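Read the structure below first, then the notes.
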Amino acid sequence: MTNSETMQAEAAEAEAKRQTDKPPDPYAEVRRNATGGKPREASAISLRGVQKHFPGGVVALEHIDLEIEAGEFFTLLGPSGCGKTTLLRILAGLEDATGGAVAVGGQDILRTPAHRRSVNTVFQSYALFPHLNVRDNIGFGLRMRGVDRDECQRRVDETAKFIKISDLIDRDVAQLSGGQKQRVALARALINEPDLLLLDEPLSALDAGLRSQLQVELSQTQQRLGMTFVFVTHDQQEAMVMSDRIAVMNDGRIQQVGPPEDIYERPANLFVARFMGHTNLFPVERTGDGSLDTPLGSLTGCGDCIGSHVLIRPETIELLPPEEAGDNRFRARILDRLYRGAFAEYQLECGDTRIAAIVSNRGQRQYDPGEHVALTVDSSGLVFLDE
């Protein structure tokens, strides 16, 4: 481009800015990607054979293979000590892998120091600077990069408006609630426009109501930006509410990867089923006539289903009057009924076996403790599992 063409382009840009009287939006390109095109390919993540062994033979991660798509809200879910935070720290450059390869946007990042990665992290403790106010906390990263003062202030104001904390911009950090601190930490992480945002249990210290509100806000923010979020939590409900896909981890290994409905409705093994809160898990043995022998009784219509245990999800169970007969119906006694608003949760006793059922409170007969019912199992909703 010639000097004349450059000057014309700059003049046109200045005129456009004067006409609209609006500063450039630092998230305009990202937002276009989120609503009218593909997310930035630079934010796709590939992990191949990633390992982390600590001295003394402690294995934190073992052969982690994972592909996270650009623009995906991806959650690492598992109990304490499963390796999820270690994996997040490797992505952030705060921990070295002892084996394997990690690429972001197709570029190997294992040898790239943390401060040179297009990655930001929101920590559980927020990690805000107590001696700085909200404005200076948000703009800290820009100042460290040498962004001039006016540009820094403009982008801080834009980001605060985007995260809806403009009214807090001049407050001291000590004057903020937990939810407000979390929003400030998110704004500080987003202002540098990273390709990848890592979130390490950022909502765990908040009360239930605020936590639910911020779950929605985080999910909406990610959708508006089209940025890749990798979220760490041990809370199953939180993972299912917020995630496009979930990786369930245990003992440094990935047990299952899939969308929330697959993880809950079709767990890959007994660990995943138990961790997702399922209690209706029963051992099975195949009989000579093709039926399955369970602690409830004989199950029919299961075809060639293979597994050492069967999962009967409580919402797939139907409760009928005790005189109703048929296949896969078992006489049971109501032990307890818990009111859950839109539905009732029943605890039942079937012989010596306890089982839970969830029934809608609308248009369904309600049973009281001590009553007998016919507990009906739909064979199409059964899941067969092994360890």
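Structure above, values below:
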quantity: Per-region count, the stretch 208-228, residues small (Gly, Ala, Ser) and touching a strand residue (DSSP E or B) at 6+ places or on another chain (Cβ under 9 Å); calculated: 1
quantity: Out of Thr294, Thr300, Thr287, sole residue that is farther than 30 Å from Ala208 by Cα and buried (at least 16 other Cβ atoms within 10 Å of the Cβ); calculated: Thr294
quantity: Residues of the stretch 170-190 that turn out to be crowded, with 16+ Cβ neighbours inside 10 Å and either part of a helix (DSSP H, G or I) or modelled with pLDDT under 85 (or both), as a count; calculated: 13
quantity: From Asp352, Asp327, Asp368, residue being in contact with a strand residue (DSSP E or B) (Cβ under 8 Å, 6 or more places away or on another chain) and in the same structural domain as Gly381 (by TED's automatic domain parsing); calculated: Asp368
quantity: Inter-residue pairs, beta-carbon under 9 Å, first part of a helix (DSSP H, G or I) and surrounded by fewer than 21 Cβ atoms within 10 Å (Cβ to Cβ) and in the stretch 144-160, second aromatic (Phe, Trp, Tyr) and at pLDDT below 90, 6+ apart; calculated: Glu158/Tyr27
quantity: Positions within the stretch 67-116 being of a type in the set (Val, Ile, Thr) and part of a loop (DSSP other than H, G, I, E, B), in sequence order; calculated: Thr98, Ile109, Thr112
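The values are calculated or read from the model by the stated rules, or taken from the named source; none is laboratory data. Every value quoted in this text rests on a predicted model; they were computed, and no experiment measured them. Virtual Cβ from ideal backbone geometry, glycine too; neighbours counted across all protein chains shown.
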